[in-house]
Number of protein chains: 2
Amino acid sequence: MEILKQNQLKITPQRLAVMKYLDENRTHPTADRIYTDLKEKNPSLSKTTVYNSLDTLQNHNIIQSITISPSELRYDFKKSMHHHFLCKRCGDIIDIELECPNIKKTIDQGHKVEEVHGYFKGICKKCMEKQEK
Amino acid sequence: MEILKQNQLKITPQRLAVMKYLDENRTHPTADRIYTDLKEKNPSLSKTTVYNSLDTLQNHNIIQSITISPSELRYDFKKSMHHHFLCKRCGDIIDIELECPNIKKTIDQGHKVEEVHGYFKGICKKCMEKQEK
DNA sequence: TGTTAAATTGTAATGAGTATAAATTGGAAA
DNA sequence: TTTCCAATTTATACTCATTACAATTTAACA
Ligand SMILES: [Mn+2]
Ligand SMILES: [Mn+2]
Ligand SMILES: [Zn+2]
Ligand SMILES: [Zn+2]
């Protein structure tokens, strides 16, 4: 944990808490969800600090934000490249483990690609099965 | 033009103006950009109407909104499936014409896919060339 | 031409994210 | 250890894209 902090970042309990939360909750939570949940154990926590921590971690490529939801950013521990699926019924955001074979074509066009986001939207497997009772 | 309106939608000058704008400006504009530009020729236009029209057109699959920019929705005439590239330097959003070969895998996992969004971010070709003066 | 449901308009409200400045603190130097 | 200061946290105010609402207007049909 602290090991990650050897990105020249100060080790603060707030940052550790945010990282721990994202590590244990792979649900792509919003900043507000993280804030609300962490606030319970640490009532002095400020929402600004959550935003600041998320920003800092993102700038150091430790986490990433995804824009699959139109109204708010979702946060994700940065692991191997993967895509996301948003269920329009239950709201869950599911990891889709696959590489994108299209990056090459984009690079071939002369653009410098720094980020790749693959978003699918529809009805998730669980909701589909529930429907067929 | 009016032909498209045979989606059971009333033909209003406001809706026609929004459609015409998106047809002539393939720059993935924001709602506010559309509003500001159309307001010049039609000063009585309301911003709410722009939002309403965009919503309605999207619900009828005539246009689509893309979430490549974290702070605001961008709108796009719905043509063949394509991906998008956002230049972090000049802000341009460029069409990347390619299919996504990954949809199948997602469907295979049991999810019902209704939308596919492919977003790349980085530095566009034009900005790269400018850099190398 | 008259009628009415649907669309437009203006205004107020919402809410995610940002700006700011004062108070606190991690961690290096003494 | 103690001191010290730049970095961080906190509380609060603010921005601004989008939505809610209610009154007014209008497209389309008889
Ligand atoms: Mn993920
Ligand atoms: Mn496009
Ligand atoms: Zn679901
Ligand atoms: Zn560019």
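The values are calculated or read from the model by the stated rules, or taken from the named source; none is laboratory data. Keep in mind that what you see is a predicted model, and the values were worked out from it rather than measured. For neighbour counting, all protein chains shown are included, and Cβ atoms are generated from backbone atoms with ideal geometry for every residue, glycine included. Keep in mind that these areas ignore ligands, DNA and RNA; they rest on the heavy atoms of the full protein, side chains included. Shrake-Rupley method; radii C 1.70, N 1.55, O 1.52, S 1.80 Å.
On the basis of being crowded, with 16+ Cβ neighbours inside 10 Å, modelled with pLDDT of 95 or more, part of a loop (DSSP other than H, G, I, E, B) and of a type outside the set (D, E, K, R), does residue B:29 make the cut?
On the way: crowded, with 16+ Cβ neighbours inside 10 Å: yes; modelled with pLDDT of 95 or more: yes; part of a loop (DSSP other than H, G, I, E, B): yes; of a type outside the set (D, E, K, R): yes.
Here the answer is yes, as residue B:29 does meet what is asked.
Are there any pairs with C-beta distances below 9 angstrom linking a residue in the range B:119-133 that is more than 7 Å from chain A (Cβ to nearest Cβ) to a residue that is surrounded by fewer than 19 Cβ atoms within 10 Å (Cβ to Cβ) and of a type in the set (Asp, Glu), with the two at least 6 apart or on different chains, and if so which? Close Cβ pairs (under 9 Å, with a partner that is surrounded by fewer than 19 Cβ atoms within 10 Å (Cβ to Cβ) and of a type in the set (Asp, Glu)) amount to B:126/B:92; B:127/B:92. Of all residues in the range B:101-115, those that are at the interface with another protein chain (Cβ under 7 Å from one of its Cβ atoms) have Cβ atoms under 6 Å from Cβ atoms of residues that are outside any strand (DSSP E or B) and crowded, with 19+ Cβ neighbours inside 10 Å, 6 or more apart or on another chain, in B:111/A:124; B:113/B:106. Screening residue A:78 on (1) at pLDDT 95 or above; (2) open to solvent by 30 Å² or more (accessible area, probe 1.4 Å); (3) within 28 Å of residue B:68 (Cβ to Cβ) shows it passes everything except condition (1). On the given criteria, is residue B:127 open to solvent by less than 20 Å² (accessible area, probe 1.4 Å) and either within 16 Å of ligand 1 (Cβ to nearest atom) or not in a strand (DSSP E or B) (or both)? Here the answer is yes, as residue B:127 does meet what is asked.
Considering A:80, A:53, A:65, which residue is within 16 Å of DNA strand D (Cβ to nearest atom), within 26 Å of residue A:35 (Cα to Cα) and among the small types (Gly, Ala, Ser)? So that I can check it myself, show each step before the final result.
Values: A:80 fails: within 16 Å of DNA strand D (Cβ to nearest atom); A:65 fails: within 16 Å of DNA strand D (Cβ to nearest atom).
The conditions single out A:53.
Across the range B:32-47, not a single residue is classified as closer than 27 Å to residue A:95 by Cβ, without any contact (Cβ under 8 Å) to a residue 24 or more places away in the chain and in a loop (DSSP other than H, G, I, E, B).
Please go through the range B:8-52 and give me each residue that is more than 10 Å from DNA strand C (Cβ to nearest atom) and not charged (D, E, K, R), ordered by number.
Across the range B:8-52, the qualifying residues are B:19, B:21, B:22, B:25, B:27, B:28, B:29, B:30, B:31, B:34, B:36.
Is there a residue in the range A:81-91 that is part of a helix (DSSP H, G or I), exposed (fewer than 14 other Cβ atoms within 10 Å of the Cβ) and without any contact (Cβ under 8 Å) to a residue 24 or more places away in the chain? Walk me through it before giving the result.
Taking the range A:81-91 as the starting set, the residues that turn out to be part of a helix (DSSP H, G or I) are none.
The answer is no, given that none of the residues of the range A:81-91 is part of a helix (DSSP H, G or I), exposed (fewer than 14 other Cβ atoms within 10 Å of the Cβ) and without any contact (Cβ under 8 Å) to a residue 24 or more places away in the chain.
Candidates are the residues of the range A:69-93 that are within 16 Å of DNA strand C (Cβ to nearest atom) and under 21 Å from residue A:56 (Cα atoms); the one that is nearest to the other protein chains (Cβ to nearest Cβ) is A:73. If the condition is being closer than 16 Å to residue A:74 by Cβ and open to solvent by 70 Å² or more (accessible area, probe 1.4 Å), then the range A:33-59 contributes A:33, A:51, A:55.
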